[in-house]
1. Take residue 191 and tell me if it is in contact with a helix residue (DSSP H, G or I) (Cβ under 8 Å, 6 or more places away or on another chain), part of a helix (DSSP H, G or I) and at pLDDT below 75.
2. What residue, of 179, 164, 172, is within 22 Å of residue 85 (Cβ to Cβ), part of a helix (DSSP H, G or I), touching a helix residue (DSSP H, G or I) at 6+ places or on another chain (Cβ under 7 Å) and free of Cβ contacts under 8 Å to residues at least 12 places away in the same chain?
3. Which is touching a helix residue (DSSP H, G or I) at 6+ places or on another chain (Cβ under 9 Å), over 20 Å from residue 61 (Cα atoms) and either assigned to a helix (DSSP H, G or I) or free of Cβ contacts under 8 Å to residues at least 60 places away in the same chain (or both), of 139, 144, 90, 150?
4. Are any residues in segment 1-24 touching a helix residue (DSSP H, G or I) at 6+ places or on another chain (Cβ under 9 Å) and part of a loop (DSSP other than H, G, I, E, B), and if so, which ones?
5. Select from segment 42-61 the residues that are in a helix (DSSP H, G or I) and surrounded by fewer than 16 Cβ atoms within 10 Å (Cβ to Cβ) and write down the one among them that is modelled with the lowest pLDDT.
6. Suppose we filter segment 25-36 for residues that are surrounded by 15 or more Cβ atoms within 10 Å (Cβ to Cβ), under 20 Å from residue 101 (Cβ atoms) and either modelled with pLDDT under 85 or out of contact with any helix residue (DSSP H, G or I) (no Cβ under 6 Å at 6 or more places or on another chain) (or both); how many remain?
7. Here are 39, 79: which of them is under 24 Å from residue 100 (Cβ atoms) and either modelled with pLDDT under 95 or touching a helix residue (DSSP H, G or I) at 6+ places or on another chain (Cβ under 8 Å) (or both)?
């Protein structure tokens, strides 16, 4: 029963469409009809304002954290199992029943979940060191690719490798890898577009310097 309860908590808390709600409250618009048409915080930033975007971003990040905090407090699950439940929160975001099962990409929710799991699985010093390494890698990738989506897609598998390197926990590492692969699978269409855009920008930059 505790596994079913935890799964339901994570899925339905993850399915709350904060970006959609912010769009409705602030500008009375359905953000699924404008911009990238993605009901995520990024679209709110572009369409409405940075303030509204921050509210949506905090909502998308925190809903996964809060869901995992609830079930961790109740049941003290190990990191590998928390990762699986965290994936359900992301799937709730991607297949939100409040949006007829057509939600966002889940990047912000994924970030919140991995942030929480890091501080459960490792001590504070290790967790901050891992975050610093990932941040440096992500920034370098942003500089090279000019794409947050592509940078995140590359950073996620690197993150799982770092988890294994630090923890030596094969089950936890495989859970994190499965999480990363599933998230990237559901964002494959965006990733394809972003790869092409990133590649075109890279070629354009090369031509300017040649």
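The values are calculated or read from the model by the stated rules, or taken from the named source; none is laboratory data. Remember, predicted model here, so these are calculated numbers, not experimental data. Every residue, glycine among them, receives a Cβ derived from its backbone with ideal geometry; neighbour counts consider all protein chains shown.
1. Values: in contact with a helix residue (DSSP H, G or I) (Cβ under 8 Å, 6 or more places away or on another chain): yes; part of a helix (DSSP H, G or I): yes; at pLDDT below 75: yes.
Judged against the criteria, residue 191 is a match.
2. Residue meeting the stated conditions: 164.
3. Numbers: 139 fails: over 20 Å from residue 61 (Cα atoms); 90 fails: over 20 Å from residue 61 (Cα atoms); 150 fails: over 20 Å from residue 61 (Cα atoms).
Residue meeting the stated conditions: 144.
4. Going residue by residue through segment 1-24, those that are touching a helix residue (DSSP H, G or I) at 6+ places or on another chain (Cβ under 9 Å) are 2-3, 5-24.
Listed by number, the residues that qualify are 15, 16, 17.
5. From segment 42-61, those in a helix (DSSP H, G or I) are 42-47, 50-61; that's our starting set.
Next cut, surrounded by fewer than 16 Cβ atoms within 10 Å (Cβ to Cβ) only: 46, 50-51, 54, 58.
Numbers: 46: 83, 50: 86, 51: 90, 54: 92, 58: 93.
Among residues in segment 42-61 that are in a helix (DSSP H, G or I) and surrounded by fewer than 16 Cβ atoms within 10 Å (Cβ to Cβ), the one modelled with the lowest pLDDT is 46.
6. 2
7. Criteria check complete, one pass: 39.
For (1) surrounded by fewer than 17 Cβ atoms within 10 Å (Cβ to Cβ); (2) more than 26 Å from residue 66 (Cα to Cα); (3) at pLDDT 90 or above; (4) under 15 Å from the mean Cα position of the chain (by Cα), each residue gets a yes or a no:
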site: 125; (1), (2), (3), (4): yes, no, yes, no
site: 139; (1), (2), (3), (4): yes, yes, no, no
site: 144; (1), (2), (3), (4): yes, yes, no, no
site: 160; (1), (2), (3), (4): no, no, no, yes
site: 172; (1), (2), (3), (4): no, no, yes, no
site: 195; (1), (2), (3), (4): yes, yes, no, no
